[in-house]
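Q: Sending over a structure as structure tokens; questions will come in a sec.
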Amino acid sequence: MIDKTMFLEIINKIADNIILNKDLLNELDMAIGDSDHGSNMARGFSEVKKKLETLKDSDYQTILKTIAMTLISTVGGASGPLYGTAFLKASSVVGDREVLDSNDLIKIYEVVIDGIKQRGKSDKGDKTMLDCIIPAYEAFKSSVESGKDLKEASKQAEQAATEGVEYTKTIKALKGRASFLGDRSIGHQDPGATSSHIIIKTISDIVNN
Amino acid sequence: MKKIINSTEEIVNEMLDGIVKAHPEHVKRVEGTSVLKRVNSPIQGKVALISGGGSGHEPSHAGFVGKGMLDAAVAGEVFTSPTPDQVFEAIKAVGSDAGVLLVIKNYSGDVMNFEMAAEMAEMEDIKVEKVIVNDDVAVENSTYTTGRRGVAGTIFVHKIAGAAAEEGRSLEEVQKIAQKVVDNTRTMGMSLGACTVPAVGKPSFTLAEDEIEMGLGIHGEPGTHKEKISSADELTEYMLGKIIQDMPIEKGEEVGVIVNGLGATPLMELYIVNRKLHSLLEEKEIKINKTLIGNYMTSLEMPGFSISVIKLDEELKGLLNAKADTPAFKEI
């Protein structure tokens, strides 16, 4: 179970980890994009951190929606609309829950994936964040279905996300600026998949701590 | 990194203030936003043209705000598309009863943010259409990729669709003409070296002393390949060849060309390129109706250039040569 305190801790830690990995994300983006993924994400999540203070007593929907709008209005680039849409979609399925359980997370994964697919007109195998998020979702869901608890399912999701990020090194980019490189994008790790991995890993680390 | 700046956070804000102070007769700032709008806008009965994108491409896009071109330009962070709320502010600031046309360069970020803004506008019953510019022949165009990038050929869209809007044509007609420009425009670029995005602090790529990057994008993203540097004439011939290979131009047809500097290439070198470009086209008996030369769509301090060619018919010719008065483009 994830209660409000843990949830806010997760968001806060996601923001910290994104900011901490700013240079790494920029460097990955330098190889196949225009080297600003880290700067943009760090700018957005710094703003999110400022907003968190005021959200302590809000419901999940309000928190997630505020994060979404903050990212949409501060990140820019492709990551702003994509992560913004993801958080906005997530806000729509949690209602006014007191705590979030594994089934809520499955629902969140599903609407997040749908939202990103629609906004980015992309799918698994295009060398995007979806190559990290979709395997994580599948691993999480099958863990839960086979009776594993939230902690174990989150670990499995993180493991699949790690493999997903590795997989992006082997494929050609079909979306975003990296797609302009064609075959030359092969061999490089996708920065968007990497930032998604940071988010999924943070969730796993905190629920397992 | 050596840059004449105060802080990386304030670059766009301070630049916009500087532009307004330089050109108060043309542009003013929409308070609290990164939008520059035409001083007398909104103009009722006239379709409003809005473009924008990451900063660092100056004079694009703010330099083309004014009579006969854009009604507003939205500035994002350096090389980062502006956010939807900023684009929406522009739509609200200049949108008239005749509607709004968004001119978007084909980058996923630009497309997504402008589309989200269009969705917001639709919710408020503002008529918005869009055109996506994808003139760069350096990158593969396939249904499986994001498609081609929008680069310096965008200036032809601003000019020609801007003139059509100024004539009072309908939103549908202005969009149609903008699409016609896109369909008939091709660009190819190259660079001699990298640029440094201030927030990153390091050059975007490295090239050996005698190496060039062929077909690179306006954000310093890699091109098609690296090669040894050759003469201005050889480069020009190769690049025009790529354009014509993609969009055949028949003997007797007329074109407009842009020899665009990427920020650090002197006009001297652009004129040398232009000399060869003209002689190559003349050999093929292709008439040049208009030559634009200089910095139109730059990439910070990148040394290099691009060649854009637009195939013209009578309608496009008339609009290309129609009057315009903006900070970076004047047609008297």
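Nothing in this text is a laboratory measurement; each read-out follows from the coordinates by a stated rule. Computed from a predicted structure; not experimentally measured. Every residue, glycine as well, gets a Cβ built from its backbone with ideal geometry; the counts of neighbours run over all protein chains shown.
Q: Looking at the protein assembly as shown, send over the antiparallel percent of its DSSP beta bridges, to the nearest 5.
A: 55
Q: In addition: Classify the range A:49-118: rounded, prolate or oblate, from the alpha-carbon gyration tensor (a ≥ b ≥ c, eigenvalue square roots; a/c under 1.5 rounded; otherwise prolate if a/b is larger than b/c)?
A: It comes out oblate by the Cα gyration axes.
Q: Let me ask another. Can you compute the charge dipole magnitude of the protein assembly as shown about its Cα centre, using +1 on each Lys and Arg Cβ and -1 on each Asp and Glu Cβ, nothing else charged? Give it in debye, rounded to the nearest 20. Mind dumping the intermediate values first?
A: On the way: 61 positive and 81 negative charges, 88 e Å.
Here the size comes out at about 420 debye.
Q: While we're looking at this one, here's another question. Using a Gaussian network model of chain A whose springs link C-alpha atoms within less than 10 Å, name the residue from A:F180, A:F140, A:F45 with the highest mean-square fluctuation.
A: In this elastic network of chain A, the residue with the biggest mean-square fluctuation among A:F180, A:F140, A:F45 is A:F180.
Q: Then there is this: Which pairs in the list B:K3/B:K330; B:K46/B:K127; A:K89/A:K124; B:K37/B:K180 are over 21 Å apart, alpha-carbon to alpha-carbon?
A: B:K3/B:K330; B:K37/B:K180
Q: Quick check: Cα centre of the range B:147-185 to Cα centre of the range B:256-330, how many Å?
A: 16
Q: Still on this model: Return the Rg/Rh value of chain A, two decimal places, where both radii are evaluated on C-alpha atoms and Rh is the Kirkwood radius.
A: Details: Rg = 15.9 Å, Rh = 16.8 Å.
Here Rg/Rh amounts to 0.95.
Q: State log₁₀ I(q)/I(0) for the range A:24-77 at q = 0.20, 0.22, 0.24 Å⁻¹ as given by the Debye formula over alpha-carbon point scatterers of equal weight, solvent excluded.
A: Result of the Debye calculation: -0.69, -0.76, -0.84.
Q: What FRET efficiency, computed as 1/(1 + (r/R0)^6) with R0 = 51 Å and r the Cβ-Cβ distance, is obtained for A:K51 and B:I229, rounded to the nearest 0.05?
A: E(calc), rounded to 0.05, equals 0.50.
Q: Same structure again: Quick one: of the DSSP bridges fully inside chain B, what percent are antiparallel, nearest 5?
A: Antiparallel bridges: around 55 percent, rounded to the nearest 5.
Q: Could you give the alpha-carbon Rg of the range B:38-145 over 2.2 N^0.38 Å, rounded to two decimals?
A: 1.05
Q: Using the alpha carbons of the range B:95-157, what is the convex hull volume per residue in cubic angstrom, as a whole number?
A: 87
Q: At 7 Å along the Cα-to-beta-carbon direction for both A:I171 and B:D85, put a label point, then send me their distance in nm to one decimal.
A: Between A:I171 and B:D85, the label points sit 3.4 nm apart.
Q: Here's another thing I want to ask about it. Can you tell me how chain B classifies by the Cα gyration tensor, rounded, prolate or oblate, using a/c under 1.5 as the rounded cut?
A: Taking the square roots of the gyration eigenvalues as a ≥ b ≥ c, chain B is oblate.
Q: Given points 7 Å out from each Cα along the Cα-Cβ axis, report the B:I332 to B:Y238 separation in nanometres with one decimal.
A: 4.0
Q: For the range B:204-266, how big is the tail of P(r) above 17 Å, as a whole percent of Cα pairs?
A: Summing the P(r) tail past 17 Å for the range B:204-266 gives 52 percent.
Q: Moving on to the next point. Principal axis extents for the protein assembly as shown, Cα atoms only, whole Å, descending order, please.
A: Computed over the protein assembly as shown, the largest-to-smallest principal extents equal 75, 53, 42 Å.
Q: A further question follows. Towards the positive end of the charge dipole of the protein assembly as shown, with charges on Cβ (+1 Lys, Arg; -1 Asp, Glu), say which of A:G187, B:F79, B:P327 has the farthest Cα.
A: About the Cα centre, the residue reaching furthest to the positive side is B:P327.
Q: Please report the orientation-averaged projected area of the range B:257-304, defined via the convex hull of its C-alpha atoms, in nm².
A: Numbers: hull surface 12.4 nm².
Quarter of the Cα hull surface area: 3.1 nm².
Q: Which ³J(HN,Hα) values in Hz, rounded to whole numbers, follow from the phi angles of the range A:196-209 under the Karplus curve 6.51 cos²θ - 1.76 cosθ + 1.60, where θ = phi - 60° and Gly and Pro get x?
A: Those phi angles translate into 5, 4, 4, 5, 5, 5, 4, 4, 4, 4, 6, 5, 8, 8 Hz.
Q: For every helix of n ≥ 4 consecutive DSSP H residues, a contribution of -39,500 (n - 2.57) applies; sum these over the protein assembly as shown, divide by its total residues, and give [θ] at 222 nm rounded to the nearest 500 deg cm²/dmol.
A: When only DSSP H runs of four or more count, the value is -15000 deg cm²/dmol.
Q: Kindly list the residues of the range B:218-250 that lie in the label zone of B:E209, defined by a backbone N under 16 Å from the point 7 Å along the Cα-to-C-beta vector.
A: B:228-230
Q: Let's test this: bin the Cα-Cα distances of the range B:240-332 at 5 Å from zero up to the farthest pair and state each bin's percent.
A: 3, 13, 22, 22, 20, 15, 5, 0
Q: Related question: Taking the dipole about the Cα centre of the range A:1-62, with the C-beta of Lys and Arg at +1 and of Asp and Glu at -1, give me whichever of A:N21, A:L55, A:F45 is farthest to the positive side.
A: Of the listed residues, the answer is A:L55.
Q: Run the paramagnetic zone check for B:E25: 7 angstrom along Cα to Cβ, then residues of the range B:289-332 with backbone nitrogen under 19 Å.
A: B:323-332
Q: Taking Rh as the Kirkwood radius, which is the inverse of the mean 1/r over Cα pairs, what is the Rg/Rh value for the range A:138-209?
A: 1.10
Q: With +1 assigned to the C-beta of every Lys and Arg and -1 to the C-beta of every Asp and Glu, and no other charges, what is the dipole magnitude of the range B:153-217 about the Cα centre in debye, to the nearest 20?
A: Dipole size: approximately 220 debye.
Q: Where in the range A:12-119 are there trypsin sites (Lys or Arg not before Pro) that are in a DSSP coil and have at most 13 other Cβ atoms within 10 angstrom of their Cβ?
A: Those that pass, being in a loop and sparsely packed, are A:K56.
Q: Now for a different question. Under 15 Å from the Cβ of A:K148, count the other residues' Cβ atoms, weight Lys and Arg +1, Asp and Glu -1, and hand me the total.
A: Details: positive: A:K141, A:K151, A:K155; negative: A:D101, A:E138, A:E145, A:D149, A:E152, A:E158.
Result for the neighbourhood of A:K148: -3.
Q: Loop-only chymotrypsin sites (Phe, Trp or Tyr not before Pro) in the range B:117-217, please: DSSP not H, G, I, E or B, and at most 13 other Cβ atoms within 10 Å.
A: B:Y144
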